[in-house]
Amino acid sequence: MLKLTVNGKARTVDARPDMPLLWVLRDRLGLTGTKLGCGMAQCGACTVHLDGEAVRSCVTPVSRAVGKQVVTIEGLSPDNRHPLQLAWLEADVPQCGYCQSGQIMAAAVLLREKADPTDEDIDRCLAGNLCRCGTYQRIRAAVHRAAELAAKGGGR
Ligand code: FES
Ligand code: FES
């Protein structure tokens, strides 16, 4: 049994230490907002936060999460009103939606580190998050809008 803290809650899971964190999140804990894309750290669909850092959960053994704070898209905000989530809705960013939780989790780290990112900051931060539907322009606009909302104290 492994003890984890996921989205602020203590969880005990029956898993081998080398099981990918993504499998534990989706299959053991039912947190299906985090997606499996490539399974090889190439697409970013599986991005979650580990002690505030964006990690690829498909290649992160669950043992690395023991004693750390794991946050998934479900735990990004207590009421789904993180500035990025509000901006995403406003800009109608998703197309098929598959990549979007990974995009938002990666962008959340950027906004925490840089309150008013430039286009280049956004492109650099999200370069490893692929979107087959090509929503990159809307993603970029929504990250700028989220920065505005956060500056005004909107969302949480
Ligand atoms: S599924 Fe993890 S990076 Fe693609
Ligand atoms: S919205 Fe379809 S892959 Fe990004």
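The values are calculated or read from the model by the stated rules, or taken from the named source; none is laboratory data. This is a predicted model, so every value here is computed, not measured. Neighbour counts run over all protein chains shown; Cβ positions are idealised from the backbone, glycine included. The accessibility values were calculated without ligands, DNA or RNA, using every heavy atom of the protein model including side chains. Shrake-Rupley method; radii C 1.70, N 1.55, O 1.52, S 1.80 Å.
Provide the packing ranking of 131-140, 6-15, i.e. peptides ordered by the mean count of other C-beta atoms within 10 Å per residue, highest first.
Averaged packing, sorted descending, gives the order 131-140, 6-15.
Using only Cα atoms, locate the centre of region 107-132 and the centre of region 42-79, then give the distance between them in Å, rounded to an integer.
One Cα centre to the other: 17 Å.
Calculate the tail of P(r) for the chain: the fraction of all Cα-Cα distances greater than 28 Å, expressed in %. Don't skip to the end; give the middle numbers.
Working: 2073 of 12090 pairs.
Counting pairs separated by more than 28 Å, the tail of P(r) holds 17 percent.
Placing +1 on the Cβ of each Lys and Arg and -1 on the Cβ of each Asp and Glu in the chain, which of Gly52, Gly97, Gly8 has its Cα farthest towards the positive end of the resulting dipole?
Working it through, the farthest residue towards the positive pole turns out to be Gly8.
Does a label point 7 Å from the Cα of Tyr98, set along Cα-to-beta-carbon, have any residues of region 131-153 with amide nitrogen under 17 Å, and which are they?
131-136
Hey, what's the per residue convex hull volume over the C-alpha atoms of region 68-136, in cubic angstrom?
Values: hull volume 7.3 nm³, N = 69.
Convex hull of Cα atoms, per residue: 105 Å³.
With a 1.4 Å probe and all protein chains left in place, how much accessible area per residue does the chain have, in Å²?
Working: 8100 Å² over 156 residues.
Spelled out: the 1.4 Å probe surface of the chain, per residue, equals 52 Å².
Could you please state how large a percent of the accessible area of region 75-148 is carbon and sulfur, counting protein chains only and using a 1.4 Å probe?
51
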